[in-house]
Structures are given as structure tokens and as C-alpha cells.
Amino acid sequence: MLRNPWLKIVLAIGFEDGWVVGLKHANEWWQWGLTLIALGLSFLLFMTAVDKLPVGTVYAVFVGLGSAATVLTGWLVFGDKLDLPELLFLAILLGGVIGLKLITEEHT
């Protein structure tokens, strides 16, 4: 399976975006099924990443980038409004996540 904990977090964020969008837009049984699968995979990847990384850092990156991904998906796919203040705060959020990544060491 995947050994890089940061790759696990990136994949977990992708699945998080999927289940959050699924909660709003799922109408059919199979769409709900995919939403539940995405939810399970997201948290499974998150939980396995904390074996090698500090839980606080993992959670901050997971929630921060997951929120940014969901906002961007809403804008790109569903035509949600995205104005300058939102872009500014997303940039600040991204800067914080990058900073956490740069100062965090993996546990062996």
C-alpha cells in the first residue's frame, strides 16, 4: 500500500472533497454509495497517516486543504461565487498548510 504519509493525506483530501460534494448533490442510491465509500476512504487514509506524522499537523492540513478543495470544486464545477476576499483567505490558509508541512518531521 502507500508508504508516503503526505501522499495519503493528499488522497484523503481528494476523497473528502468527494464525500462533501456527495452530501449535497447525491440523489440516487449509487451516488450515496459512492459518497459513503469516499467518506470511508478519506478517514482511513487520514488515520493511517497519523501513524507517521503528528496528529495536529495532519488534522490541520486535512481540514485546511479539504476546505480549500471543496471551495474550489464549488467554484469550478458548480459555479459558486468566489471573490477576492475568499481568494485572499484561501491563500492565507494555503500558506499555513505549507508552513506546517515544511516544519513537520515524520516519525520512523
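You will find that of 100, 65, the residue that is free of Cβ contacts under 8 Å to residues at least 60 places away in the same chain, open to solvent by less than 70 Å² (accessible area, probe 1.4 Å), under 18 Å from residue 20 (Cα atoms) and of a type in the set (A, V, I, L, M, F, W, C) is 65 and no other.
Considering only residues in the range 1-37 that are of a type in the set (D, E, K, R) and in contact (Cβ under 8 Å) with a residue 24 or more places away in the chain, the one that is surrounded by the most Cβ atoms within 10 Å (Cβ to Cβ) turns out to be 16.
Only one of the numbered conditions (1) assigned to a loop (DSSP other than H, G, I, E, B); (2) modelled with pLDDT of 90 or more is not met by residue 1, and that is (2). Residue 81 meets each of the listed conditions (1) in a helix (DSSP H, G or I); (2) at pLDDT 90 or above apart from (1).
The values are calculated or read from the model by the stated rules, or taken from the named source; none is laboratory data. Because the structure is a prediction, the values reported are computed rather than measured. Cβ sites come from the backbone with ideal geometry, for glycine too, and all protein chains shown count toward neighbours. These accessible areas exclude ligands, DNA and RNA; they are computed on the full protein's heavy atoms, side chains included. Shrake-Rupley method; radii C 1.70, N 1.55, O 1.52, S 1.80 Å.
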